[in-house]
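Questions regarding the structure given below will be posed in turn.
None of the figures in this text is laboratory data; all of them are computed from the coordinates on show. Worth saying up front: this structure is predicted, and the values here are computed from it rather than measured. Cβ atoms come from the backbone with ideal geometry, glycine included; neighbour counts cover every protein chain shown.
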Amino acid sequence: MCIRDRHKHRVVFGDENTDHGWVGFDWSDVIYSLGNITEVSVEDAASGKKASIYFNVGVVEAGQAVQLDPSVVGTCSISSVATESQFQRRMFYANGRFWVFYSDSSGMVYSTSNDGLTWTTPTCIKAGCFYFERFSVWFDGTYLYYAYAYDSPIYYRRGIPNSDGTITWSAPEQVVETAYNSARYPMITVDSDGYVWIGYIDSDHPYVIKGGGDDGTWSTLPGFPYQLTSTTSSSYRVFVVPLTAGKVVAFWASHGSLIRARRWDGSAWGPEVDTAEATVFNLPGAYSAVAQGDDVHLVFQEKYSYDIMHVKYVYSTNSFTAATTIVAAAQSQAAPVLSVDNNGRLYVFWCTTATGQPSGAVADHIYYQTSADGGATWSPPVDWVNEEAEGLVNRYCLSCFYKQYGAYIGVLYVTGDSSPYNVKFAYLEVNNPPSAPTLDGPVANARFDPSETVTFTWSFSDPDGDTQSAYQLQLDNDPDFSSPIIDTGKVSSTSTSTTQTLPGAVGLYYWRVKTWDNHGAEGPWSSKRAIIVDRIKVNSLTADDGRVDIGTPVTLTVQLVHEYDGAAVTSGSFTLNGLTLTHQGSGLWTATDSRSSVTAVTYDSVSGSVGNLNTVNMNGKSATVIWDRIHSTAISASDTRVNVGDSVNIDITLKYD
């Protein structure tokens, strides 16, 4: 065994000076993404020799995918034809496969891969398509659509991409007549209502056409084709971006021009608007766009500064925001491409063939940057793909997914210094964090006894379909959770519930939960939910008489309230010294008692429950009732014999039994 190259990016097992009996591994094309070898070993195995290579990959964030080598999809004989015109989208992921459409310099072909590494033999779906910019492909989640044109009518077709890599076409290829039947550079999309839109130029005018059919045939709708402007240019490129509720925005730009737009509100076109101060570099189709709701993000290279810039079209105001710089002073013709993941994070991909353009960049590398705040700020460039070994053919030949499909965002490009050139594919495995959990129980403002054991439950949700791997629950008497009374910390568990002991003090508290997915990505906190620690409080306890005859009924009245907020207790089940209390209204509860012998009874014990509460605070309240009778203990007269008509005082002494 030997290790070649001072950079330690090549290992050979055996003697490579012999014709047989050796095998080598080389990762020089991704040496900047990996560290040095940390260990190499060879050992005997059941089927021969087992060779192991361990190297340092640095810090890998939770959920981050490390791709060792982009894959070769196919080849083409003309360097720029396979992937140019990045505003056209021709890749997606569906039914367990990556799907890539490109020109192999003789026709429109496609290849598929179930792992992004090994690709099927290209299948030609339209012969004579020598250049990539003559067609585009769109995937709406069910069907793929293509549009082809070159100084001709538009040729359209719809089909279903199958899990075995074949396509089930809905109908034969359709001919879409245009105003001049000299269409070029078609860009196909599908709106939220299922109608097909194609942007194109026809006799140097920018047009859009709308149509389609439920069975895959084509029927042009009234009012179309529609000419976007009367100004002509042979370098116009038109991109229709679907929004919500059947709305779209059509963008068009030419060499060194402003980006212009018209919106379709579902029934009519709006006025033309433009980017005002930002102009596109002198390169056909050198801009890329994705929608978020009814707004559209665009990236492009500025004509004079070579800055890679971002601008947003706002549908509600039919206007563009001011353009902002993502990368300053990039290499000329470094046409960027834009994608968006399921969580709304934007991804801009760009490359260079000259070291130091832009500053810090290395020739023949592909970079990407992300924005989680709608383009307001962007992450530093990630040095993603190293193609120093083969060389990038053209820095304006990147193409990427319109959006995340499945868990992936893919990029297509061309390498090589002579024919045949390699059409290569790389992808990011996007792990979106879990969504904020939905709190299930207890319900909002549920009341529990002090120090009660309570089970908190929630529902886990993840945009990628991942599973929960951990959770954290906090409970605080402050809604900003600045000093949690309960904080579980990160608990590794797939359970969507946890049992906790509530505080002992009566009061209002708040709880929330966040989760991690099985890739380790941390999700946001749930909304907060109130929970009340409370007791039943005896506000008053009275009897309608404190001393009555034996056998006489006495009515006892108890006023019950919630200790936390004084709200009347109007339901539940309660007893007073074992007597059943009946609610009379407004939190007043009564019971009747009677005794058949002389006795005194003190009523000082209320018990029972309402909802989750069964702790009663007597609040020092009690009432005593005496059942009694009167008897005489002495009778005397002031005189025992007196004259008729005289008064006599009779003294009687009475006592309670």
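Tell me the label-point distance for the pair Asp604, Ser203, using the 7 Å Cα-to-Cβ offset, in nm and rounded to one decimal.
10.5 nm
Same structure again: Mind scanning Lys490/Lys528; Lys247/Lys403; Lys537/Lys621; Lys312/Lys403; Lys126/Lys403; Lys247/Lys312 and naming the pairs with a C-alpha gap bigger than 20 Å?
Numbers: Lys490/Lys528 18 Å; Lys247/Lys403 18 Å; Lys537/Lys621 10 Å; Lys312/Lys403 17 Å; Lys126/Lys403 26 Å; Lys247/Lys312 17 Å.
The answer is Lys126/Lys403.
Suppose a student asked you for the relative contact order of the stretch 504-571, using Cα pairs under 8 Å spaced at least 6 residues apart; what percent would you report?
Working: 101 pairs, mean separation 19.7, N = 68.
Normalised by residue count, the contact order of the stretch 504-571 is 29 percent.
With a cut-off of 17 Å, note down the residues of the stretch 536-554 whose backbone N falls inside the zone around a label point 7 Å from the Cα of Thr624 toward its beta carbon.
Taking a point 7 Å out along Cα→Cβ of Thr624, the residues of the stretch 536-554 whose backbone N falls under 17 Å are 541-549.
Normalized C-alpha radius of gyration of the chain, against 2.2 N^0.38 Å?
Working: Rg = 40.4 Å, N = 657, 2.2 N^0.38 = 25.9 Å.
The reported ratio for this selection is 1.56.
What number, in percent, do you get for the relative contact order of the chain if the mean sequence gap of Cα pairs under 8 Å and at least 6 apart is divided by its residue count?
The normalised contact order for the chain reaches 8 percent.
Hey, rough spin-label estimate for Ser492 and Thr552, points 7 angstrom out along Cα→Cβ, what's it come to in nanometres?
7.5 nm
Near Ser170, within a Cβ-to-Cβ distance under 12 Å, what is the net charge of the other residues, with Lys and Arg +1 and Asp and Glu -1?
Values: positive: Arg157, Arg158; negative: Glu173, Asp214, Asp215.
Result for the neighbourhood of Ser170: -1.
Using Cα centres only, tell me the gap between the stretch 94-145 and the stretch 363-385 in whole Å.
When both Cα centres are located, 27 Å separates them.
Amide H to amide H, which residues 5 or more places from Arg547 or on other chains are under 5 Å from it, using H placed in the peptide plane?
Ile626
Pull out the extension gain between Asp373 and Ser586, defined as 0.36 nm times the separation in residues minus the alpha carbon to alpha carbon distance; nm, one decimal.
Details: separation 213, 0.36 × 213 = 76.68 nm, distance 5.25 nm.
Full-extension gain reported as 71.4 nm.
Continuing with the same structure: Using a basic spin-label model with each label point 7 Å from the Cα along Cα→Cβ, how many nm lie between Ser597 and Tyr226?
For the pair Ser597/Tyr226, the computed spacing is 9.9 nm.
Taking θ = phi - 60°, what integer Hz values does the Karplus form 6.51 cos²θ - 1.76 cosθ + 1.60 yield along the stretch 599-604, in sequence order, with x for Gly and Pro?
My calculation for the stretch 599-604 gives 6, 10, 10, 9, 9, 8 Hz in order.
Around Gln292, which amide H atoms from residues at least 5 apart in sequence, or from another chain, sit under 5 Å from its own amide H, with H modelled in the peptide plane?
Those qualifying (amide H under 5 Å, at least 5 residues apart or on another chain) are His297.
Could you tell me the relative contact order of the stretch 493-625? Use alpha-carbon pairs under 8 Å, at least six residues apart, and round to a whole percent.
Details: 261 pairs, mean separation 31.1, N = 133.
Here the relative contact order equals 23 percent.
Of the beta bridges DSSP finds with both residues in the chain, what % are antiparallel, to the nearest 5? Show your work: numbers first, answer last.
Numbers: 189 of 197 bridges.
Looking only at bridges with both residues in the chain, the antiparallel portion is about 95 percent.
Here's a follow-up. In whole Hz, what ³J(HN,Hα) sequence does the stretch 356-369 give by Karplus (6.51, -1.76, 1.60; θ = phi - 60°), x for Gly and Pro?
x, 10, x, 4, x, 7, 10, 4, 6, 10, 10, 10, 9, 9
For Asn162 and Glu429 in one chain, what is 0.36 nm times their gap in residues minus the Cα-Cα distance, to one decimal in nm?
Numbers: separation 267, 0.36 × 267 = 96.12 nm, distance 2.15 nm.
So the chain would gain 94.0 nm between Asn162 and Glu429.
For a quick check: with amide H placed at 1.01 Å from N, whose amide H comes under 5 Å from Lys126's, ignoring anything fewer than 5 positions away on the same chain?
Met108
Right, next: Rounded to the nearest 0.05, what FRET efficiency is calculated for Ala389 and Asp294 with R0 set to 41 Å and r the Cβ-Cβ distance?
Working: r = 44 Å, r/R0 = 1.08.
Efficiency, from the Cβ-Cβ distance: 0.40.
So if each residue of separation counts as 0.36 nm, and I subtract the Cα-Cα distance between Asn577 and Thr467, what length gain in nm does that give? Display every interim value, and only then the final one.
Details: separation 110, 0.36 × 110 = 39.60 nm, distance 5.30 nm.
Fully extending the segment from Asn577 to Thr467 adds 34.3 nm.
What is the calculated FRET efficiency for Ser192 to Ser527, with r their C-beta to C-beta distance and R₀ = 41 Å, to the nearest 0.05?
Working: r = 28 Å, r/R0 = 0.69.
So, using R0 = 41 Å, E works out to roughly 0.90.
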